[in-house]
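For reference, the structure is listed below as structure tokens.
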Protein chains: 2
Amino acid sequence: MLKGHQTWVFASKPVIRSASAIGGPFEAKGPIAEDFDTLHSDLMIGQDSWEKAERTLLEEACDKAIEKAGLTKETINFFLSGDLMNQIVSSSFGARTLTIPFLGLFGACSTSMEGLALAALMVDSQSAEYVLAATCSHNASAEKQYRYPTEYGSQKPPTAQWTATASGAAVVSANGEGLRVTSATIGRVVDMGLKDPFNMGGAMAPAALNTIEAHFRDRQLPYDYYDLVVTGDLGRVGHSILSELLPKHQIEIPLDRYQDCGIILYGDNPDVWSGASGCGCSAAVTYGHLLRKMKEGTWKKILVVATGALLSPLSYQQGESIPCIAHAVSIETE
Amino acid sequence: MLKGHQTWVFASKPVIRSASAIGGPFEAKGPIAEDFDTLHSDLMIGQDSWEKAERTLLEEACDKAIEKAGLTKETINFFLSGDLMNQIVSSSFGARTLTIPFLGLFGACSTSMEGLALAALMVDSQSAEYVLAATCSHNASAEKQYRYPTEYGSQKPPTAQWTATASGAAVVSANGEGLRVTSATIGRVVDMGLKDPFNMGGAMAPAALNTIEAHFRDRQLPYDYYDLVVTGDLGRVGHSILSELLPKHQIEIPLDRYQDCGIILYGDNPDVWSGASGCGCSAAVTYGHLLRKMKEGTWKKILVVATGALLSPLSYQQGESIPCIAHAVSIETE
């Protein structure tokens, strides 16, 4: 790897052998509802706490991905997962159920592509035959942990986002049929000094810019190489900021080819303010919606740039600004 | 990789080009004080919060490891780090300061070896030239987050452990002089149903057993292959349990070659109850003490089995048992 480079190009092009998306009742009303494998009508997912509901989403997504791959959990070498809960308990308890050797990750909402990047690295380097990468989030568990009790009915500004109740998982393998992971760019932490946790799209947009810039530089690709560049969960506010920043930085990605998972998941619904967020957002949109459209031929090459705001409620309370990151993974048709 | 296997054997034997250990005032009174690069006399590390103190420890450990490697941060391809704080803010804010492309990890006190294993994988697969792996913990930030306000003066049972105020970092590279990372075994989550967060050594011992068993099985090594097998932070209670479990499971590691970082760090000090714990414990003991003894020739081959209790205060309050994990990395003289 060249000095200063931060992109892995996977010579063997690992296969996304299967992928799954599980959602909640609110996701079931959205424009991409048909792209979920399972949609729950009950926000509690049959459990007695929001945290157990979130964990159940993750376990269902993992089970579904393994089943769709035609595998059993015993054949999966490693499970890579992270989530927003303190000490990533959704993932750790999910790993207990799965009993697959487990590497816990934390990249906030960038975890989806952090996991996919590492899964592809392991398969490409023949360090694993099958790797399961997953992540999840739950609207109510996130509100409870990060913000106010929902019973309090606090109002939010239009820059706020709605944490998705969703989970997405993928099985990456050295062989088989499917779309291929061709490269991954690991992001740096970028912090432009923003301190408002109700404007995470604004805070994260510069991190997405930084990673996109690094990706095209490292791979030396023309800016119109991808049919679609999609950010993780910048929402309408962040999408609009990044749409301005890209041309200002001479990154001439055709703006009609730039979308955001945080807008795709709920469409124009004004109830979600700026759009969707949460680890489950980019995971479910990518593994459900985007891969389906790729299989249908809408796009042949996409770059998924999952964004994460690495704050904690405590770092915010102590007056810190929001450190942000983005990891990018390219997925291409054979 | 064979089905059911969970061990990477690194053909190129990546080099631990440098390593560092930073500690606090309590660590300065311990038996391995001379093995730290820096020992702070002030528990606040000159900061105005415990959280910033912890982050500063991490940043110092990283700076010191990079300096000792004769490198600059611009030459490091990736930074792998995690910690115990909610949303691993010590690591994320440290990554903001370092500006090295960052992968956030969470494995509780197993994070030290999770990071070293992934760093070695990246170097071995030529996916990086230099990788920095680090972790940290701080006694007061951990007490604040996980337990009671220290001002409350709550008593603890003899099975409890003392979270280390320490950080350890290592630079792994494809070339150069130094000890070598020869293999790594990624652990499964093991949960024997224990629910007492004041007996994490007891909870984690079966996870260590599981990973040690997998390591020797996957590598097909004789049980006396290593000069030292050292667990991360089982403390006296967990060390004693594992010393009983190993022969019961026909894992005939000579028990005089089995030690625990949680005992090494503070020796016989009764003030720490069962011993040390925290992400910084196995990191500082390994990167400070153990590597020094290896360089001096005391041991030629060691296996570091870092253990982690993957609970959260909330999972405990909700009546869950403690999911545990252990990751093992072998370090050998050339």
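Inspect all residues belonging to the stretch A:72-88 and state whether any of them is surrounded by fewer than 21 Cβ atoms within 10 Å (Cβ to Cβ), among the β-branched types (Val, Ile, Thr), touching a residue at least 40 places away in the same chain (Cβ under 8 Å) and part of a helix (DSSP H, G or I). Yes: one or more hits. Of everything in the stretch B:296-326 that is closer than 21 Å to B:GLY30 by Cα and either among the small types (Gly, Ala, Ser) or out of contact with any helix residue (DSSP H, G or I) (no Cβ under 8 Å at 6 or more places or on another chain) (or both), the residue that is surrounded by the most Cβ atoms within 10 Å (Cβ to Cβ) is B:ALA306.
Here is a yes/no grid of residues against (1) at pLDDT 95 or above; (2) under 18 Å from the mean Cα position of the chain (by Cα); (3) over 30 Å from B:THR72 (Cα atoms); (4) within 12 Å of chain B (Cβ to nearest Cβ):
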position: A:LYS13; (1), (2), (3), (4): yes, no, yes, no
position: A:SER18; (1), (2), (3), (4): yes, yes, yes, no
position: A:LEU58; (1), (2), (3), (4): yes, yes, yes, no
position: A:THR72; (1), (2), (3), (4): yes, no, yes, yes
position: A:ASN77; (1), (2), (3), (4): yes, no, yes, yes
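Of everything in the stretch B:311-325 that is within 7 Å of another protein chain (Cβ to nearest Cβ) and under 16 Å from A:THR99 (Cα atoms), the residue that is farthest from the chain's Cα centre (by Cα) is B:PRO323. Here B:GLY308 passes the criteria (1) within 20 Å of B:SER20 (Cα to Cα); (2) within 12 Å of the chain's Cα centre (by Cα) except the one numbered (1).
When A:ILE32, A:ILE45, A:ILE88 are checked against the criterion of being in contact with a Phe, Trp or Tyr (Cβ under 7 Å, 6 or more places away or on another chain) and either assigned by TED's automatic domain parsing to the domain that holds A:THR165 or closer than 30 Å to B:PRO101 by Cα (or both), A:ILE88 stands alone in meeting it. Answer with yes or no whether A:MET192 is crowded, with 21+ Cβ neighbours inside 10 Å and either over 20 Å from the mean Cα position of the chain (by Cα) or more than 27 Å from A:ALA19 (Cα to Cα) (or both). So A:MET192 does not fit the description; no. Provide a single number: the residues in the stretch A:291-321 that are touching a residue at least 12 places away in the same chain (Cβ under 8 Å), in a loop (DSSP other than H, G, I, E, B) and more than 24 Å from A:ALA184 (Cα to Cα). The qualifying residues number 3.
Would you confirm whether or not the stretch B:26-48 contains a residue that is assigned to a helix (DSSP H, G or I), more than 9 Å from chain A (Cβ to nearest Cβ), surrounded by 24 or more Cβ atoms within 10 Å (Cβ to Cβ) and at pLDDT 95 or above?
yes
Collect the residues in the stretch A:49-63 that are among the charged types (D, E, K, R) and more than 13 Å from A:GLY82 (Cα to Cα), keeping them in residue-number order. A:GLU51, A:LYS52, A:GLU60, A:ASP63, listed by residue number. From the list A:GLY267, A:GLY288, A:GLY262, the one residue that fits, being part of a helix (DSSP H, G or I), over 29 Å from B:PHE78 (Cβ atoms) and more than 14 Å from chain B (Cβ to nearest Cβ), is A:GLY288. Selection of the stretch A:135-166 for residues being within 14 Å of chain B (Cβ to nearest Cβ) and in contact with a Leu (Cβ under 6 Å, 6 or more places away or on another chain) yields A:SER137, A:ALA142.
The values are calculated or read from the model by the stated rules, or taken from the named source; none is laboratory data. Model, not experiment: these values are computed from the prediction. Here Cβ is always computed from backbone atoms with ideal geometry, including for glycine, and neighbour counts include all displayed protein chains.
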